[in-house]
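What follows is a single structure, written as structure tokens, with notes after it.
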Amino acid sequence: MENTYRQFIEQSVEFPQDAFEVKNDALQFHGIDLMALVKEYGTPLKLNYLPSIGQQIEKARRYFDKAIDQLHYRGNYTYCYCTKSSHFSFVLDEVLKSNVELETSSAYDIYILRRLFEQGKINKETLLVHNGYKRELYAQLIADLINDGFNSVPVLDNQKELELFKTMVTKPCNIGIRIATGEEPQSNYYTARLGLRHRRIQSFYEEHIADSELFNLKMLHFFIDNGIEDSLYYWNELDKCLGVYCKLKRVCPTLDSLNIGGGFPVKQSLAEEFDYKSLTFEIVSHIKRFCEKEDIEEPNLLTEFGSYTVAESGATIYSIIDQKKQNDVEWWNMIDSSFITTLPDSWAINKRFILLAINNWDEPYERVNLGGLTCDNQDYYNVEAHVNNIYLPKYNEAKPLCIGFFNTGAYQNALGGYGGIQHCLIPSPKQILVERDEKGQLKTSLFAPEQGPESMLKTLGY
Ligand SMILES: Cc1ncc(COP(=O)(O)O)c(C=O)c1O
């Protein structure tokens, strides 16, 4: 008798785990019967399990607050949500229920903030950290917030931005500076284009900010593109940033915050395990040790976690609509959508996501490639994060197979141009929201149906 897909998974990784378990041959995600969802709404579909967002925020706060407490760290911790990870209203509504602060990255973000304010979901005390390269419109919209009394902190990406703000801001305000980080040795360049050179920061402060009546330098910000990890590279970059912080703090009394950016890790495979608690403890103790050595008051800490906040809430489900045997060893399971547009990171940066069958867990399994519907030969997925191949229940026309990619809730819609023109005009999938009511019962709703032809034709000028 052949081994089943269920046995294969149980032998390869710890299973069941976290949000995943199997009942009656089919996968449950946070207790959601995914096959029932597929029967009700059809595929392809994107779903967001909203309670996971608040749970992630609370977990991170607990880790930081506990580390601060145990280490007798004298600064506090603030959780900002990085809006570009998912700008959807249902995500912003959810994060704001957990009283987070917000971080923006471009001009149109500010229109969202204004809307949230009109709806009473943020107020003038909500901390608004403004990152990103600021052209005139973005700078003006930020300056308008400051002039209207919002708690906005523009983080300068370059020196010219200060000149822009000087012409726009009419009230004293707090500002931050982003430090350009060094890249890992294997990178194609040495230093990130974002932020100011670390050697220039002190003199820039002394020449342009120290005597200003308008601007108080409050925050230093740095963000490591690879994310927060326990690696020599990360600790070196953090040390470099702390070096700048301590030197600056000696001459700049208003400086009291260190924003360590985003990059809290997210699982790409069930085989991965992150010890968030120790990572957080190590970050806080590293900063404390550094400041003690330099005899500098510890900074308040801020994070701007995007992926960590929303990725785990998202799943993307497809049906296998056909199997093409193109030679004796390669079998292509065709999905009913496109990887390029629905999971663009899988195509652009070879990012992996947790992949599991939704049904047929008690069927034998086989090695396959997954193919998307566009005519682009790069529209495929064939390597798992923890094994070099993809294994799924055997294709059987009589028992149609559905598959799910998980932790897909961050960036994929924005990068895939959700709702716009899609490669080969394969429509954006429907979006389903899953929440819990007051009694804890699951409640699903359709946020948006599958994209229709009208919207694409209109954009295309027909
Ligand atoms: C300045 C800044 N903060 C926060 C983030 C969020 O990063 P992540 O989604 O990895 O948490 C990014 C992502 O690019 C960023 O550029």
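The values are calculated or read from the model by the stated rules, or taken from the named source; none is laboratory data. Note that this is a predicted model, so its numbers are computed, not measured. Ideal geometry is used to build each Cβ from the backbone, glycine not excepted, and the neighbour counts take in all protein chains shown.
Residues are listed down the side, and each one gets a yes or a no for (1) at pLDDT below 95; (2) within 21 Å of residue 81 (Cβ to Cβ); (3) hydrophobic (A, V, I, L, M, F, W, C):
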position: 232; (1), (2), (3): yes, no, yes
position: 263; (1), (2), (3): no, yes, no
position: 282; (1), (2), (3): no, no, no
position: 286; (1), (2), (3): no, no, no
position: 294; (1), (2), (3): no, no, no
position: 299; (1), (2), (3): no, yes, no
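Of the residues that sit in region 121-155 and are part of a helix (DSSP H, G or I) and under 19 Å from residue 218 (Cβ atoms), which one is farthest from the ligand (Cβ to nearest atom)? Outline the logic, then answer.
Within region 121-155, the subset part of a helix (DSSP H, G or I) is 136-147.
Still in the list and also under 19 Å from residue 218 (Cβ atoms): 139, 142-143, 145-147.
Working: 139: 17, 142: 15, 143: 20, 145: 18, 146: 20, 147: 24 Å.
Step by step, filter region 121-155, then rank; the result is 147.
Yes/no per residue for (1) in contact (Cβ under 8 Å) with a residue 60 or more places away in the chain; (2) more than 16 Å from the ligand (Cβ to nearest atom); (3) surrounded by 15 or more Cβ atoms within 10 Å (Cβ to Cβ):
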{"position": "28", "(1), (2), (3)": "no, yes, yes"}
{"position": "37", "(1), (2), (3)": "yes, yes, yes"}
{"position": "67", "(1), (2), (3)": "yes, yes, yes"}
{"position": "77", "(1), (2), (3)": "yes, no, yes"}
{"position": "81", "(1), (2), (3)": "yes, no, yes"}
{"position": "105", "(1), (2), (3)": "no, no, yes"}
{"position": "116", "(1), (2), (3)": "no, yes, yes"}
{"position": "119", "(1), (2), (3)": "no, yes, no"}
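Residues 45, 27, 92, 37: which one is assigned by TED's automatic domain parsing to the domain that holds residue 155 and of a type in the set (A, V, I, L, M)?
Values: 45 fails: assigned by TED's automatic domain parsing to the domain that holds residue 155; 27 fails: assigned by TED's automatic domain parsing to the domain that holds residue 155; 37 fails: assigned by TED's automatic domain parsing to the domain that holds residue 155.
Answer to the check: 92.
Would you point out the residue of region 301-314, among those that are near the ligand (Cβ under 7 Å from one of its atoms) and assigned to a strand (DSSP E or B), that is surrounded by the most Cβ atoms within 10 Å (Cβ to Cβ)? Break it down stepwise before answering.
Initial filter on region 301-314 (near the ligand (Cβ under 7 Å from one of its atoms)): 304-308.
Filter again for assigned to a strand (DSSP E or B), leaving 304-305.
On the way: 304: 31, 305: 26.
Filtering first and then ranking leaves 304.
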For region 337-373, how many residues meet the condition of being surrounded by fewer than 19 Cβ atoms within 10 Å (Cβ to Cβ) and farther than 28 Å from residue 308 by Cβ?
5
Inside region 232-273, can you point out the residues that are polar (S, T, N, Q), within 22 Å of the chain's Cα centre (by Cα) and part of a loop (DSSP other than H, G, I, E, B)?
268, 269
The one condition residue 349 fails out of (1) farther than 22 Å from residue 20 by Cβ; (2) under 30 Å from the mean Cα position of the chain (by Cα); (3) touching a residue at least 24 places away in the same chain (Cβ under 8 Å) is (3)
Per the list (1) farther than 21 Å from residue 108 by Cα; (2) modelled with pLDDT under 95; (3) surrounded by 15 or more Cβ atoms within 10 Å (Cβ to Cβ), residue check on residue 194 breaks on (1)
Evaluate the following for residue 176: is it outside any helix (DSSP H, G or I) and over 18 Å from residue 244 (Cβ atoms)?
no
Filter region 234-251 for residues that are touching a residue at least 24 places away in the same chain (Cβ under 8 Å) and within 16 Å of the ligand (Cβ to nearest atom); the one that is nearest to residue 287 (Cα to Cα) is 238
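Residue under question is residue 54, and the condition is that it be small (Gly, Ala, Ser) and more than 20 Å from the chain's Cα centre (by Cα); does it hold? Before the answer, list the steps.
On the way: small (Gly, Ala, Ser): yes; more than 20 Å from the chain's Cα centre (by Cα): no.
When the stated conditions are applied, residue 54 does not pass them.
Considering only residues that are under 23 Å from residue 300 (Cβ atoms) and surrounded by fewer than 21 Cβ atoms within 10 Å (Cβ to Cβ), look in region 216-228 and name the one that is farthest from the ligand (Cβ to nearest atom). Please lay out each step first, then the result.
Filtering region 216-228 for residues under 23 Å from residue 300 (Cβ atoms) gives 216-224, 227-228.
If we keep only those that are surrounded by fewer than 21 Cβ atoms within 10 Å (Cβ to Cβ) too, we end up with 216, 218, 227.
Values: 216: 21, 218: 16, 227: 6 Å.
Out of the qualifying residues, it is 216.
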Examine region 173-189 for a residue that is more than 16 Å from the ligand (Cβ to nearest atom) and either in contact with a Cys (Cβ under 7 Å, 6 or more places away or on another chain) or at pLDDT 90 or above (or both), and state whether such a residue exists.
yes
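Filtering region 355-392 down to residues that are of a type in the set (D, E, K, R) and touching a helix residue (DSSP H, G or I) at 6+ places or on another chain (Cβ under 7 Å), which residue is nearest to residue 46 (Cα to Cα)?
Residues of region 355-392 of a type in the set (D, E, K, R): 362-363, 366-367, 376, 379, 384.
If we keep only those that are touching a helix residue (DSSP H, G or I) at 6+ places or on another chain (Cβ under 7 Å) too, we end up with 362-363, 376, 379.
On the way: 362: 25, 363: 25, 376: 22, 379: 18 Å.
Among those that are of a type in the set (D, E, K, R) and touching a helix residue (DSSP H, G or I) at 6+ places or on another chain (Cβ under 7 Å), it is 379.
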Restricting to region 432-448, name every residue that is within 24 Å of the chain's Cα centre (by Cα) and either in a loop (DSSP other than H, G, I, E, B) or among the charged types (D, E, K, R) (or both).
435, 436
Whichever residue in region 151-175 is in contact with a strand residue (DSSP E or B) (Cβ under 7 Å, 6 or more places away or on another chain) and among the aliphatic types (A, V, I, L, M) and, among such residues, is farthest from residue 257 (Cα to Cα)
162
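Could you tell me how many of the residues in region 257-280 are farther than 30 Å from residue 384 by Cβ and surrounded by fewer than 18 Cβ atoms within 10 Å (Cβ to Cβ)?
Quick first cut of region 257-280, residues farther than 30 Å from residue 384 by Cβ only: 257-260.
After this cut, where a residue has to be surrounded by fewer than 18 Cβ atoms within 10 Å (Cβ to Cβ) as well, the list is none.
So the count comes out to 0.
Here's the yes/no breakdown for (1) within 19 Å of residue 52 (Cβ to Cβ); (2) touching a residue at least 24 places away in the same chain (Cβ under 8 Å); (3) aliphatic (A, V, I, L, M); (4) within 16 Å of the ligand (Cβ to nearest atom):
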residue: 391; (1), (2), (3), (4): no, yes, no, no
residue: 394; (1), (2), (3), (4): no, yes, no, no
residue: 400; (1), (2), (3), (4): no, yes, no, no
residue: 407; (1), (2), (3), (4): yes, yes, no, yes
residue: 410; (1), (2), (3), (4): yes, yes, yes, yes
residue: 419; (1), (2), (3), (4): no, yes, no, no
residue: 423; (1), (2), (3), (4): no, yes, no, no
residue: 429; (1), (2), (3), (4): no, yes, no, no
residue: 433; (1), (2), (3), (4): yes, yes, yes, no
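Is it the case that residue 285 is farther than 30 Å from residue 351 by Cβ and within 16 Å of the ligand (Cβ to nearest atom)?
Details: farther than 30 Å from residue 351 by Cβ: yes; within 16 Å of the ligand (Cβ to nearest atom): no.
Criteria not met by residue 285.
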